[in-house]
1. Among the numbered criteria (1) among the aliphatic types (A, V, I, L, M); (2) surrounded by 10 or more Cβ atoms within 10 Å (Cβ to Cβ); (3) at pLDDT 75 or above, which single criterion is violated by ILE18?
2. Given the condition loosely packed, with under 10 Cβ neighbours inside 10 Å, polar (S, T, N, Q) and modelled with pLDDT of 75 or more, answer yes or no: does some residue in region 40-48 qualify?
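The values are calculated or read from the model by the stated rules, or taken from the named source; none is laboratory data. Model, not experiment: these values are computed from the prediction. Note: ideal-geometry Cβ built from the backbone for every residue, glycine included; neighbour counts use all protein chains shown.
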Amino acid sequence: MYYSETKVIIGGLAHVPILIFIVNFIKGKFESIASEIVEVKTEEPKVKVVEVKEEEVKEEEVKEEEVKEEVKAEELNANEFKEKSE
């Protein structure tokens, strides 16, 4: 015997809450099992304390840094000039 289209749709809609209940039941079982299994041990890593020695700054290093800063400043000025001319 064939069912009318209306009966099939009503039957499908009636079974949706049952399917949702079954899915939530299975999901709840897996969540309870997962919560029992997971145990996290928190240990702080061992850290070795090291003292930092201050080093003398050589004049050559300071001069090189100043030259690099000047070159960067000149490049920025050149880029700004190009942008203005365009």
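1. With respect to (1) among the aliphatic types (A, V, I, L, M); (2) surrounded by 10 or more Cβ atoms within 10 Å (Cβ to Cβ); (3) at pLDDT 75 or above, ILE18 is out only on (2).
2. yes
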